[in-house]
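The structure appears right after this line, and notes come after that.
The values are calculated or read from the model by the stated rules, or taken from the named source; none is laboratory data. The structure displayed is predicted, hence computed values, not measured ones. Cβ: placed from backbone, ideal geometry, glycine included. Neighbour counts: every protein chain shown.
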Amino acid sequence: MRMDCMKSRWGAALCALALMSPLAGCLEAGEFVYGEQVEEQPLQLHAERVGIFPDRSVLDDPNNPFRYSWPTATSKWKIESAAGNVVAFYSWATVLAYEPTGEAQYYTALNLEQVYKNGQAVQEDLNAVKELAVAGYQSVLDNFPDAQSFDASGTVAFDLVTPSYLAIVALGETPTGDWVLVDSASGQPRAVRP
Amino acid sequence: MAALALLFVARSASAEPVKVVAGERGMQLVVAGKPMMVFGMNWDYQPIGENYSYDFWGKPDAFIEEALATDMTLLKAMGVNTIRQYDSIPPRWVEWIYDHYGIYTAVNNLMGRYGHAIDGVWTANIDYANPVHRKALLDELEASVKRYAGRRGVLLWMLGNESNYGLSWTSFEIEALPVEGSDPRAVHLYTLMNEAAQLVHRLDGEHPVSLTNGDIQYLDIIKTVCPAIDIFGTNVYRGESGGDIYRKVFEATGRPLLYTEFGADAFDAKEGREDDVAQAGYLLKQWRDIYRNAHGNGGVGNAIGGFVFQWTDGWWKTGQDVRLELHDKDASWPNGGYPHDFVEGQNNMNEEWFGITAKSASDSEGHYTVRPRTSYHVLQEAFALDPYATTSEAVDAHFDAIEPSGLSYRYAALRAESETASLQRLRLSNLRMVFDSSVSAGEAATGRAEAPAFGHTESFYVDLEAEPAKGVWGKLSLNAVGSVAGNRLDELFYEQRALAADGSGDVTDRVAVYGAEVKVEAPLATLKGYYRTGHTHWGYEGDFFGLYRETFYGPNLDTYKAGGPLGFELEGKGALSAFDVALGPEIYWGANPMVIGKYSERFGELGLTVMHQEDLLSGGSAESSFAAPERRNRKSAVLLDLPVGAFRLQLGGLMSGTPRIGERFTYVESVEGRGYLDSGYNYVADEVQLADTVAGRARVTLDAGWTKWLLQGSYHGLVAEGGEDRVVSWQRWSLQESGRGNHYALSSGVAVSAGSLTVAPKALYQVPLVGPNPSVDALYSPQTGIFYPGIAPRDVLGSPFAVLDNRETVGGELLLVWDPTPASWYWQWDRDDKERGPLSASLDLVYRHQPTSRDANLAVLENGAVVPFGGAPPASDSWDATMEVFSEAGPVRLRGALFAGLGQARGDSGREVLRKGFSLTADWNRVRLLTRLHLDDWGPYDYDRDFNLTYPVQWYGDLSWGVKAARLNQLETRLGLRGQVRVADEHSPGWVGASGVSSALEYESGVYLQFGL
């Protein structure tokens, strides 16, 4: 019984009634929550589709420093820019689990790609990390075809399907779902689905 | 036998005085100087699909005359000379029947057998010792006798209906006949009957008075305290003979014996088939018995006839308010007097099959025809013998010459015309075809095309029912789709389930299973299976914490294309009657695969119920936030239930949420100073413990007639979650305590009735043990690499508990009900059809003071993903005001509602919505007008309320004509026009906006044709 949470005498009276139960014996108080150092560790994959929408298993991963609290608007960019790729992966995968957007999916895949390229996973998981990166980019195409993100100024938008498409190709795979690359008016390639 | 004596003499001038005359050779009923045996019939007119509430005598005269022409002609041809009617038959129709067909009426006042209005308050169980109750019943009898005074065609008065059985039965349905008891209340019952008989004699000196007893129970008491009764009338179901009943009645009372009900059903419960020949055999022997014991025929001599039960089958008897369209084959009580289908330990009396005629479906006017069974023809031949101009030998010879099997060909031919033997096992029913066409358009800012868009929908429904073996019944409901409109303003509807998942608009899944039911009767249990079909909760059967939920979701199941509920119920019978089990993949919408077991038994006055629920997996469906998925759980509950006089005490305990033990959760504590991340709070992490899984609830109710009172107190540990409380304690209060864990609450309500007005205030005080979490952003320091977790509102998927409807609430409600027809309960589920009278209404005012916020709700996205909202709206009070009105005046029926309220969305939007509107349904014969107007209200779907999507104006209108008057839950053929107009703004779904445009219009109009068979 959290007597410190009770606000009224009526509540206390009812609490007393419940306290007569032999089950209401030794209740331990909680612990204060503080900030914790987040350190870069080799990535160990917790589940087969971790970080790929709609999978939310990253919230059960004991290695995920953000599993109890997802990084919000400002902190996720700070983590992206200042923390390592593994930490950034966990950050974006957690954001994706709570607020599934194309942006979260893209940056989850991006950091998986970087983890793979930099060998920041345990050896036996490296290939799986690559496949997950491809799956993450594909998820942007499949689930968030209109996704956009913004540059550092926050005013210039860019679509996320084109870099996702290109990333899949760069990883040696072929995007699925009838996506094709065409030249836009500015001469830049653009991924579209006829 | 006694010397010649007049037991009853006419006292006033009347066309036909009726008296009981006793002489050396026996007793007779003498009408206008002539002896007359009562060849009587329990007659009623209740079409299939109707029940005891059907108001036949309220129909237009032409309708009544046509119905009487069919039945009375057949009755007269059979030789029936009297029908039994409750005193709801208008006296003018008693005269009309007598004048046109020569058939008398025995008028029966129920004397409160099924309840009575006492000081304007409906009282279901009469206390015969209570002077107030006695006076009310006698006053009503006096008024009734005065209404029929001097009317032609009245034969005699009858009082009650098995009122002695009502002293021990627990409901108004027929139960096993009680053994001779010594209920002290019987003395009060029969002294009342004696007073009633004296009153009738005082007001009406022309007609004798009969009891309508249940067999000869309490004969000794009747003998002593009921001397004013002229005739011992009794309902008897002893099989082919009354045995010693004539002698016992004569020796105890010296009165003639009149069977007020007797007969046999036409269904063989053992073989599971109709058996009209067996029925005829019993009736033939029963009438032989009467003839042998009539005046001068060598028996006791006090038999003066009887009223056969009954003219035609009562399709409503089983359940009384449900399955009225089904000719139920369940036997509901046992009786060894009918040995041809009696099996020890099993029921064999089929209440819905007592008719000596079978009933057809109604035509478009509401009339039906009857098919006389073999009993009709057998009795027609039997009645041809004058019972008072014969000898005992002649009686035997006459009855010996009548062979039921020889007369059965007539009914067999009629039955073959209506249905072949093979179709009894498989039949199509409830065929419904819907053709709907519409055009819609909208101004550009709504996001809708400005050019009119046309759409068509064709949808077909049909039920396949089968009875492959005795006691096995199944129904499969199918839906087939032709076209599916793509232009509807209300964009979610059932037929969309047929569209391709790729969004192309192609119809790919044309045929689907719409629903299914199965029922298997076994000696020790009944198995019921259901798919997308509603079932009731167990709240009235000991489920104090609402574990087994009701599944009548109305149109929502179709709107969101739900795949459930899906499951089974096992109801114990006989030795296992205390046990019930429910199990299945989704026994209520959104449920996990689970099994729930219940043991419920009474030990004297004390009731004990024990329940356990075990979720087998996680995995409820996620079609709508109305039925959000749940985490896997385990619940155990116990209830002690004790009536103490007018009080009822209920004490319950619950253990729930034990799978959450050890799970982490967080909460905040206010502090002076900056606190964690300058939030003003300390941020604490804790774990669920065993004590958090415990709940207790105590409820006291008082039923003092015109005043009823409810007091309830509850404590629920953090994760001790029950379910919704769906029990309606006299009034349907809106203010209800949450069924979730993490709260304690105190609530009390009182209902005070004065005549037709009931005033019912209620108060609720509810507080969570652990309050909601605020929103505080997380913080990451690139310099130090330290991450400070943010604080976020909890949700039920990510946390072991959340503060939602268990938020802190101080609520008050004032409910006013005006109901001048107490016999039909205002809150009955089908009151749209049942509520009668010129005006019934209710006004419900609710205010909720909610000083704190809540945690985050869940939303179901278009792709089926279930996600929590990122936050919750701030603390806000809410209120609702709703007025409902029902009116029936002549051919016009009105149902209307006005509402207004202030509330919050279920999501995280802080914008409050002040909504108002009205709805009206008006029926005039076959024409129905339906209209509703909502102002500043949420759209019709779950995501509108979730994401706070509103429209400034929503109007809907529907004008239709049907081949019959519209009825609730009944198939109809109707042709209709419908129209819909909405004004959208920036808060509306689909809004795209336009420069300088703050609101825009969209509309739809259509025509529809629905065939129902």
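Quick notes on this structure:
Every residue, every condition in (1) in the same structural domain as A:Trp77 (by TED's automatic domain parsing); (2) within 16 Å of A:Val134 (Cα to Cα); (3) surrounded by 15 or more Cβ atoms within 10 Å (Cβ to Cβ); (4) not β-branched (Val, Ile, Thr), yes or no:
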residue	(1), (2), (3), (4)
A:Val161	yes, yes, yes, no
A:Ser164	yes, yes, yes, yes
A:Ile168	yes, yes, yes, no
A:Trp179	yes, yes, yes, yes
A:Ala185	yes, no, no, yes
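- B:Glu162 within 30 Å of the chain's Cα centre (by Cα) and either crowded, with 21+ Cβ neighbours inside 10 Å or touching a residue at least 40 places away in the same chain (Cβ under 8 Å) (or both): yes
- Checking B:Leu677 against (1) in contact with an Asp or Glu (Cβ under 9 Å, 6 or more places away or on another chain); (2) surrounded by fewer than 16 Cβ atoms within 10 Å (Cβ to Cβ); (3) more than 29 Å from B:Tyr540 (Cα to Cα), the condition it does not meet: (2)
- Each residue in the stretch B:205-222 was checked for being farther than 17 Å from B:Asp244 by Cα and in a helix (DSSP H, G or I), and 2 pass.
- Contacts under 6 angstrom Cβ, first residue in the stretch B:775-794 being at the interface with another protein chain (Cβ under 7 Å from one of its Cβ atoms), partner of a type in the set (Lys, Arg) and surrounded by 16 or more Cβ atoms within 10 Å (Cβ to Cβ), 6 or more apart: B:Tyr780/A:Lys78; B:Pro782/A:Lys78
- Some residue of the stretch B:629-640 being buried (at least 16 other Cβ atoms within 10 Å of the Cβ), assigned to a helix (DSSP H, G or I) and away from chain A (no Cβ under 13 Å): no
- Residue in the stretch B:761-768 that is surrounded by 18 or more Cβ atoms within 10 Å (Cβ to Cβ) and basic (Lys, Arg) present: yes
- Subset of the stretch B:924-946 [surrounded by 20 or more Cβ atoms within 10 Å (Cβ to Cβ) and more than 30 Å from B:Val866 (Cα to Cα)]: B:Arg928
- Leading residue by the ranking (nearest to B:Val867 (Cα to Cα)) among those in the stretch B:600-637 that are in contact (Cβ under 8 Å) with a residue 40 or more places away in the chain and among the basic types (Lys, Arg): B:Arg631
- Within the stretch A:49-100, the only residue that satisfies the criterion of being more than 8 Å from chain B (Cβ to nearest Cβ), under 22 Å from B:Gln783 (Cβ atoms) and part of a loop (DSSP other than H, G, I, E, B) is A:Gly84.
- Unmet requirement for A:Thr162, which otherwise passes all of (1) within 22 Å of A:Phe66 (Cβ to Cβ); (2) touching a strand residue (DSSP E or B) at 6+ places or on another chain (Cβ under 8 Å); (3) more than 14 Å from chain B (Cβ to nearest Cβ): (1)
- Residue ranges of strands (runs of 3 or more DSSP E) in the stretch B:655-733 with at least 1 members more than 14 Å from every other protein chain (Cβ to nearest Cβ): B:694-703, B:707-716
- Given (1) closer than 23 Å to B:Leu489 by Cα; (2) part of a strand (DSSP E or B); (3) within 30 Å of the chain's Cα centre (by Cα); (4) not small (Gly, Ala, Ser), index of the condition B:Pro940 fails: (2)
So that you can scan it fast, the table gives a plain yes or no per residue for (1) in contact with a Pro (Cβ under 9 Å, 6 or more places away or on another chain); (2) under 19 Å from B:Asp230 (Cβ atoms); (3) modelled with pLDDT of 85 or more:
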residue: B:Arg152; (1), (2), (3): no, no, yes
residue: B:Gly160; (1), (2), (3): no, yes, yes
residue: B:Leu167; (1), (2), (3): yes, no, no
residue: B:Thr170; (1), (2), (3): no, no, no
residue: B:Glu173; (1), (2), (3): no, no, no
residue: B:Pro184; (1), (2), (3): no, no, no
residue: B:Tyr190; (1), (2), (3): no, yes, yes
residue: B:Asp204; (1), (2), (3): no, yes, yes
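- Search result, residues across the stretch B:526-570 that are at pLDDT below 95, charged (D, E, K, R) and outside any loop (DSSP other than H, G, I, E, B): B:Glu541, B:Asp558
- Residue in the stretch B:762-774 that is touching a Lys or Arg at 6+ places or on another chain (Cβ under 7 Å), at the interface with chain A (Cβ under 10 Å from one of its Cβ atoms) and among the aromatic types (Phe, Trp, Tyr) present: no
- Qualifying residues in the stretch B:859-891 (those that are in a strand (DSSP E or B) and among the hydroxyl-bearing types (Ser, Thr, Tyr)) - the one nearest to the other protein chains (Cβ to nearest Cβ): B:Ser878
- B:Val595 over 24 Å from the mean Cα position of the chain (by Cα) and part of a strand (DSSP E or B): yes
A quick yes/no check of all residues on (1) touching a helix residue (DSSP H, G or I) at 6+ places or on another chain (Cβ under 7 Å); (2) buried (at least 22 other Cβ atoms within 10 Å of the Cβ); (3) modelled with pLDDT of 90 or more:
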site	(1), (2), (3)
A:Gly51	yes, yes, yes
A:Asp61	no, no, yes
A:Trp70	yes, yes, no
A:Val86	yes, yes, yes
A:Glu103	no, no, yes
A:Leu110	no, yes, yes
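- Given (1) within 30 Å of B:Ser332 (Cα to Cα); (2) in contact with a strand residue (DSSP E or B) (Cβ under 7 Å, 6 or more places away or on another chain); (3) small (Gly, Ala, Ser), index of the condition B:Gly239 fails: (2)
- When B:Val983, B:Val953, B:Val913 are checked against the criterion of being surrounded by 17 or more Cβ atoms within 10 Å (Cβ to Cβ), modelled with pLDDT of 95 or more, over 30 Å from B:Leu431 (Cβ atoms) and touching a Pro at 6+ places or on another chain (Cβ under 7 Å), a single residue qualifies: B:Val983.
- Test: residue in the stretch B:701-721 that is within 24 Å of B:Asp855 (Cα to Cα), under 35 Å from the mean Cα position of the chain (by Cα) and among the β-branched types (Val, Ile, Thr): yes
- Scanning the stretch B:839-858 for residues that are under 24 Å from B:Arg932 (Cα atoms) and either within 14 Å of another protein chain (Cβ to nearest Cβ) or polar (S, T, N, Q) (or both) gives B:Ser840, B:Ser842.
- Of all residues in the stretch B:534-562, those satisfying the criterion of being surrounded by fewer than 20 Cβ atoms within 10 Å (Cβ to Cβ) and polar (S, T, N, Q) are B:Thr536, B:Asn556.
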